[in-house]
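To keep things clear, I will list the structure first and then write my remarks on it.
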Amino acid sequence: MKIKKKPSTTLFPCPVVLVTCIDSAGEPNIITLAWAGTVCSEPPMIGLGIRPTRHSHKLIKNSKEFVVNIPSTKILKETDYCGVTSGKDTNKFSETGLTQEQAEKVRAPLICECTVNMECILKDIIPLGAHDLFLGEIVQVHINQEVLNDKGNLDFTKADPFVYNVGEYWSINKKIGVLE
């Protein structure tokens, strides 16, 4: 038997990403988001749900670019810190010890400790209510060689990403089937 609940954000799992952006003076910021996902394959695009009150909202809106970095469980503590601390008065790179790496097509930096980085150009912002939907075209992808399999494809067990499940972080590392 199922029970009924009021509408809520019960979708799970949600990928955890670290989004880097930059202010007009060139200072970088990091925001942790769990409301992120692929929204188009051609051109490749990603969507991010960000509250207008967040510091990164203004930075991305003004710079019109960002980088989506996929963290591994090795940097869970740093990832959580970047989600609960405002970058308005804090340099999250300094505080967490995460390393900036220059991007190729955007000014926002990559996070070296993240095995996958996607450089994005902002295409649109759609106000939704409590959050705005940022749509970004992926213009460059970087993948660390050590997380590739012998065919050159991403090995998710080596990348060791994690997800957000309604207030909790969960690891994912086991294949249970393939698309036929």
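The values are calculated or read from the model by the stated rules, or taken from the named source; none is laboratory data. Nothing here was measured: the structure is a model prediction, and the numbers come from that model. Methodologically, a virtual Cβ is constructed for each residue, glycine included, from the backbone with ideal geometry; neighbour enumeration extends over all protein chains shown. Just the protein is used for accessible areas: all its heavy atoms, side chains included, with ligands, DNA and RNA removed. Shrake-Rupley method; radii C 1.70, N 1.55, O 1.52, S 1.80 Å.
Remarks
- Each of S63, S72 has its accessible area taken with a 1.4 Å probe; listed largest first, they run S63, S72.
- Residues E101, E180 ordered from highest to lowest accessible area at a 1.4 Å probe: E180, E101.
- Between the listed residues A130, V68, W35, the Cα displaced farthest toward the positive end of the dipole of the chain, a dipole computed from Cβ unit charges relative to the Cα centre, is found at A130.
- Per-residue SASA remark: D80, around 60 Å² accessible (1.4 Å probe; ligands, DNA and RNA not included).
- Estimated from the Cβ-Cβ distance and a Förster radius of 41 angstrom, the FRET efficiency linking N91 and K174 is about 0.65.
- Probing with 1.4 Å while keeping every protein chain in the model, the per residue accessible area of the chain equals 62 Å².
- In this view, the solvent-accessible surface of K64, computed with a 1.4 Å probe and all protein chains in place, comes to about 120 Å².
- Cα-centre dipole for the chain with unit charges at Cβ (Lys and Arg positive, Asp and Glu negative), debye to 20: 840
- Charge sum, other residues only, whose C-beta stays under 14 Å from I138's C-beta, Lys/Arg counted +1 and Asp/Glu -1: -3
- A simple spin-label model places pseudo-atoms 7 Å from Cα toward Cβ; at V141 and N165 they are separated by 2.6 nm.
- Extension reserve of the K5-Q100 stretch, reckoned as 0.36 nm per residue once the Cα distance is removed: 29.9 nm
- When the solvent-accessible area of the chain is split by element, carbon and sulfur atoms take up 54 percent of it, the probe being 1.4 Å.
- Exceeding the 23 Å Cα-Cα cut-off - candidates K64/K88; K4/K175; K123/K175; K61/K88: K4/K175; K123/K175
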